[in-house]
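Computed from the coordinates by the stated procedures, all read-outs in this text should not be read as laboratory data. Quantities reported herein were computed from a predicted structural model and do not represent experimental measurements. Here the Cβ is made from the backbone with ideal geometry for all residues, glycine too, and neighbour counts use every protein chain on show.
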Amino acid sequence: MSAPPELRAIEHALEVILFAAAEPISSYQVAQLLNEKGLGEPDGAFTPGRVERRIEQLVLDWADQGRPLTVLRIAGGYQMATRPEWADLVARLMEDRRSQRLSRAALETLAIIAYRQPVIRPDIDAIRGVNSDSAIKTLLERDLVTIAGRHEGPGRPLLYRTTPAFLKYFGLHSLADLPEPTELAALLGPLAVEALPPEAEEGAPAPPTGEPAGPEPEAPDLIEAIPEPETAGLMEQEDEA
């Protein structure tokens with residue numbers, strides 16, 4: 001017997017949200033999205049607790065149906081994932097992806113993280129002028145950046161920083177080997193320096209603001225200032241990762 005249309009709509013909405021979320025999403029955020037969509041329980045609007053029960057039931061339904069997907073609790077949120085028995089296939093796919101070159105979008109995002117770390121995604125988006133979810137996901141998969149905790153601002157967004165693999169990829173001994181602001185200005189002009197933390201001239205990293213900047217001119221081209229990687233080539237296309 002098929003589920004009522006209202007229940008199926010909730011299940012489909014949950015699947016869409018979990019699939020589309022680039023980062024672990026909290027039950028509070030899911031509840032907000034469902035309520036904004038006009039979906040709710042028979043006795044009222046969705047709450048975080050109700051969302052958690054719905055997700056638990058969704059995972060059980062997928063298991064009963066033999067679906068290859070599940071939902072994991074990660075960093076206080078939920079994220080769709082493949083079941084363990086498909087790990088070898090996923091590992092092969094990830095291996096193929098790691099062998100690919102980084103796109104220009106990923107390199108722009110990586111440059112911003114390198115200079116402003118730890119930094120949140122809204123700040124990255126404000127500098128680039130476009131959404132950086134796909135680029136960040138690629139950098140996480142390549143182990144060039146990692147999650148460094150959560151910002152204390154509204155919504156407690158994730159913080160990102162570079163990894164030791166980043167240094168190895170670009171042949172750097174430490175972050176101190178990154179080009180200085182004066183070198184960036186000589187290479188790229190003053191707009192490049194505007195994308196760096198104000199304290200960068202004194203050598204101290206700036207804390208993330210948590211608030212996206214207002215409308216900006218075209219995002220400065222930072223990636224040319226990073227040394228040519230020793231172990232991988234760079235792509236010139238400007239498509240998203």
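Some points to look at:
- Förster radius 25 Å - calculated FRET efficiency between ALA87 and HIS12, Cβ distance, rounded to 0.05: 0.40
- Gain upon complete extension [GLU52, ASP177; 0.36 nm per residue less C-alpha separation]: 40.4 nm
- Förster-model FRET efficiency, 30 Å R0, ARG156 and ALA45, C-beta, rounded to 0.05: 0.85
- Magnitude of the charge dipole, the stretch 5-86, Cβ model with Lys/Arg +1 and Asp/Glu -1, debye to 20: 120
- Of the residues GLN117, VAL145, PRO84, the one whose Cα sits farthest toward the positive end of the charge dipole of the stretch 43-158, with +1 on the Cβ of Lys and Arg and -1 on the Cβ of Asp and Glu, is GLN117.
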